[in-house]
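The values are calculated or read from the model by the stated rules, or taken from the named source; none is laboratory data. From a predicted model like this one, the values you see are computed outputs, not experimental measurements. All accessible areas refer to the heavy atoms of the entire protein, side chains included, with ligands and DNA or RNA removed. Shrake-Rupley method; radii C 1.70, N 1.55, O 1.52, S 1.80 Å.
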Amino acid sequence: MPPKNRNGLPAYQRIQGAIRKRIDAGHLRPGDAVASERDLAKIHQVSLMTARHALASLEREGTFVAAPKIHFNKLMSYTEQMSSRSLTAGSRVLFAKVLDNENEAAARLSLPPTTQVIKLERLRHAAGEPFALETCYLNAAEFPGLLDAPIGRESLFGILERNYKIELGYADEEVDATAADPRIAEILAIPRRDPLLRIRQVIYSTKGRAIMYVLGFYRSDRHNLVIRRFR
């Protein structure tokens, strides 16, 4: 039987938990080496065999720390998602204009086809590395002056909640896989045809009114979708 601590947790799992905490806290970064078996055994006061078992169980994750992924498991702004993984989000506005020919976006927002909508396309990045390409659509009549707000520096969710008193409630999402076309590949600095996570999202207020339609392309090596199911 593997040795346990006073809480009944096997020692090798305690070691794994300690390593994961260091990764989540940013103390171990991409490219850093995990402590050796001998050092882990000394630090955690366990046998060399127990330390070896802990690392062997983590082998599929690599001896070196992989770059953290963003987990989609709650309705949060991308800025909040990045912050939850100890990353500072950045945005670069690629397109921001009011259009009257975005029929699909208007339909997703339950608006007539030629309704004027705000189209906002942003490259989302952290530490100079591109992570995602997001295009947001909103009813222009409902959000006058939005394009004058600091949309390149602040969370769009935060601007809507603060400046327009919107209470965001929930989202309906369609998720599938796609391949990076030449333009997206160039923007995200990835090879053409690299796999992407594509999410179409309609975000509603707490009163059930469609507020925003988002079409996002997310690097599959930086994001994963977390789902909780109930029976």
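Give me the accessible area of R92, 1.4 Å probe, in Å² rounded to the nearest 10.
Here the residue's solvent-accessible area equals roughly 130 Å².
Taking a cut-off of 13 Å between Cα atoms, list the aspartates and glutamates near K165, but don't count ones fewer than 8 places away on the same chain.
Output for K165: E142.
If I take the Cα coordinates of region 105-183 and project them onto the principal axes, what are the three extents in Å, biggest first?
Largest to smallest, the principal-axis extents are 33, 29, 24 Å.
Based on a Kirkwood Rh over C-alpha pairs, give the Stokes-Einstein translational diffusion coefficient of region 102-143 at 10 °C and viscosity 1.306 mPa s in µm²/s.
Working: Rh = 11.4 Å.
D, rounded to a whole number, is 139 µm²/s.
Of the heavy-atom accessible surface of region 90-200 (probe 1.4 angstrom), what whole percent is carbon and sulfur? Mind dumping the intermediate values first?
Values: 2740 of 5810 Å².
Roughly 47 percent, rounded to a whole number.
I need the phi-derived Karplus couplings for region 171-184: 6.51 cos²θ - 1.76 cosθ + 1.60, θ = phi - 60°, integer Hz, Gly and Pro marked x.
Couplings: 9, 9, 10, 10, 10, 8, 9, 8, 10, 5, 7, x, 5, 5 Hz.
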